[in-house]
Amino acid sequence: MFDLGLQELIVIFFVALLVVGPKKLPELARTLGKWMTEVRRGFYQAKSQIETEFDQVRQDTVTGNDTHLDEVQKEDIMEQDEVQKEGIMEQDEVQKEGIMEQDEVQKEGIPEQDEMQKKSGEGEGI
């Protein structure tokens, strides 16, 4: 956790021995051990609770159940959906305009082709 070597631990032990004294050092060590145990226990409980919540959210996402989403998240998702729909609608409009332009170009080209075919047909008949 703290990446302490043997030399660092020995120095810490001697400093604690000088500061606290030999009579209270075992009591201090016990108290420190209990405190570290409580910290670890709390850390692991929080970690397991967070993992449980993430698993629940993942499962809700897969199944489509959004009971754990709060209102702000729901509004964000709805706004994103609207933006995506608007983008799709704009793309559809651009595609329709492109198709209409292609149709117009083709329609304009057809009479010219008809005239060319008529002229070429007249030339073949002569």
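Taking R0 as 30 Å, what FRET efficiency do you get between residue 59 and residue 82 from their Cβ-Cβ distance, rounded to the nearest 0.05? Kindly include the intermediate steps, with their values, before the conclusion.
Values: r = 27 Å, r/R0 = 0.88.
Using R0 = 30 Å, I get an efficiency of 0.70.
Please compute the length gained on full extension between residue 29 and residue 93, using 0.36 nm multiplied by the number of residues separating them and subtracting their Cα-Cα distance. If you can, show how the numbers build up before the last one.
Working: separation 64, 0.36 × 64 = 23.04 nm, distance 7.45 nm.
So the chain would gain 15.6 nm between residue 29 and residue 93.
Where a number appears in this text, it was derived from the coordinates with a stated rule and is not lab data. Owing to the predicted nature of the structure, the values given are computational and were not obtained by experimental measurement. Ideal geometry is used to build each Cβ from the backbone, glycine not excepted, and the neighbour counts take in all protein chains shown.
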